[in-house]
Amino acid sequence: MPEGDTIFRSARALHRALAGKLVTRFEAAYAHLASVDDDKRIAGRTVERVEARGKWLLMYFSGDLILVTHMRMNGSWHIYRSGERWRRPRRDMRVVIETADWSAVGFAVPVAEFHSAASLLRKTMIPALGPDLLKQDFDLGGAVAGMRERADEQVGEVLLNQKVMAGIGNVYKSETCFICGVNPFRQVQTVDTTELEQLIFTARKLLTLNVAEDANGEILTYAGLRRTTRTGDHTARLWVYGRRGEPCRRCGTPIEMRKQGVGARSTFWCPVCQPIQ
Ligand SMILES: [Zn+2]
């Protein structure tokens, strides 16, 4: 099951590739989408933005048309350079949106529907997102308050909760906690406000750096895989993520890993640099 933060990254990659671009071709395997296309012609519209809301992915087209998809268990959005070979079989294709440079392909998305802004508002099951860490006017107070509301949850889980704040993925969850010296298994109520603000600031900084890097011709796929020709060990620059059993870069203690939260996501930490209390 794709997690909220994975869908958030997917939406960001799609947004970067498609926003502001003219749709040159639209194709749908679902009759209800094809009939909207017959009436309203998606080709010729501009993609305004792509955003994630929890496990929903929303693609906004000019002229008040929004394509809403949900991934459920097996759905995914991929992005390909024009002419590039797809990495899932064609029979899984449900939606294709092409621009001059890119093809965005929704594979096996079981829920896909068009909305107007008004009909989207009535669809109450699509959650609102927490403050977006990448926005310039990011609401720090709102994010701290959102964390405080989850006093009895663990820091590592709350950092991943896209309703509290949007943008932190599983890698930066572990990295952020290490940099701040906070054990990811601590309950939020044991963490003071200065530490919470430090966690949020750190996550923001890491994300901003990462985006700058992505802008350098790199696109993250739905699965969070980096599509790049650059070589090198991706963990070489990370403090703890993916380094179970390897020595802590600060104190030499072996890094530990444990599954955390309802999604059983891998959490890496140093037991010495990040004491439980
Ligand atoms: Zn350490």
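The values are calculated or read from the model by the stated rules, or taken from the named source; none is laboratory data. No experiment lies behind these values; they were computed from the predicted model shown. Note that each Cβ is placed from the backbone with ideal geometry, even for glycine, and that neighbours are counted across all protein chains shown.
Brief remarks on what is shown
- Among residues of the stretch 156-173 that are of a type in the set (Lys, Arg), those with a Cβ under 7 angstrom from a residue that is in a helix (DSSP H, G or I), sequence gap 6+ or separate chain, pair up as 173/156; 173/159; 173/160.
- The requirement of being surrounded by fewer than 15 Cβ atoms within 10 Å (Cβ to Cβ), in contact with an Asp or Glu (Cβ under 8 Å, 6 or more places away or on another chain) and assigned to a loop (DSSP other than H, G, I, E, B) is fulfilled somewhere in the stretch 45-62, by at least one residue.
- The stretch 94-110, subset surrounded by fewer than 21 Cβ atoms within 10 Å (Cβ to Cβ) and part of a loop (DSSP other than H, G, I, E, B), residue modelled with the lowest pLDDT: 110
- Selected residue (criterion: farthest from residue 113 (Cα to Cα)) from residues of the stretch 3-37 that are in contact with a helix residue (DSSP H, G or I) (Cβ under 6 Å, 6 or more places away or on another chain) and of a type in the set (A, V, I, L, M, F, W, C): 26
- The residues of the stretch 164-192 that are among the β-branched types (Val, Ile, Thr), at pLDDT below 95 and farther than 20 Å from residue 241 by Cα amount to a single one, 164.
- Looking across the stretch 256-277, the residues that are part of a loop (DSSP other than H, G, I, E, B) and more than 8 Å from the ligand (Cβ to nearest atom) come down to 261, 262, 263, 264, 275, 276, 277.
- Selection of the stretch 90-111 for residues being in contact with a His (Cβ under 8 Å, 6 or more places away or on another chain) and closer than 22 Å to residue 19 by Cα yields 104, 105, 107, 109.
- Given (1) part of a strand (DSSP E or B); (2) without any contact (Cβ under 8 Å) to a residue 24 or more places away in the chain; (3) of a type in the set (Lys, Arg), index of the condition residue 85 fails: (1)
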